[in-house]
Amino acid sequence: MQLNKVHSVKTIDRVADELGETVDRIFDLAIGMEPEDGVIWVYGPGDDSVIAVTRFGIENLQELIEMDRGRAR
């Protein structure tokens, strides 16, 4: 039996802060990612929802940020 090894996630706000990016920029990058990439949606009461990111997702976001910076040069 395979068990999911994800034991924690971070909100998009925290990830943006840790990476020194804006939430909007991280959102724009993360919106195209899939759960296999380390990004999930967390739904709260009513219409509240937030993107959450695993450690693997943060690594993927860092790569996307670097690729995006390379294109801007």
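Some points to look at:
- Across the options Ala16, Ile58, Gly32, the greatest Cα extent toward the positive end of the charge dipole of the chain (unit charges at beta carbon of Lys, Arg, Asp, Glu) belongs to Ile58.
- As a length-normalised measure over Cα pairs under 8 Å and 6 or more apart, the relative contact order of the chain settles at 32 percent.
- Restricting the stretch 1-72 to trypsin sites (Lys or Arg not before Pro) that sit in a DSSP loop and have at most 11 other Cβ atoms within 10 Å of their own Cβ leaves Lys5.
- Within the chain, the proportion of Cα pairs with more than 22 Å between them is 23 percent.
Just so you know, all these numbers are worked out from the coordinates, no wet-lab data involved. None of the values given here were measured: they were computed from a predicted structure. Positions of Cβ are backbone-derived with ideal geometry, glycine not excepted, and every protein chain shown enters the neighbour counts.
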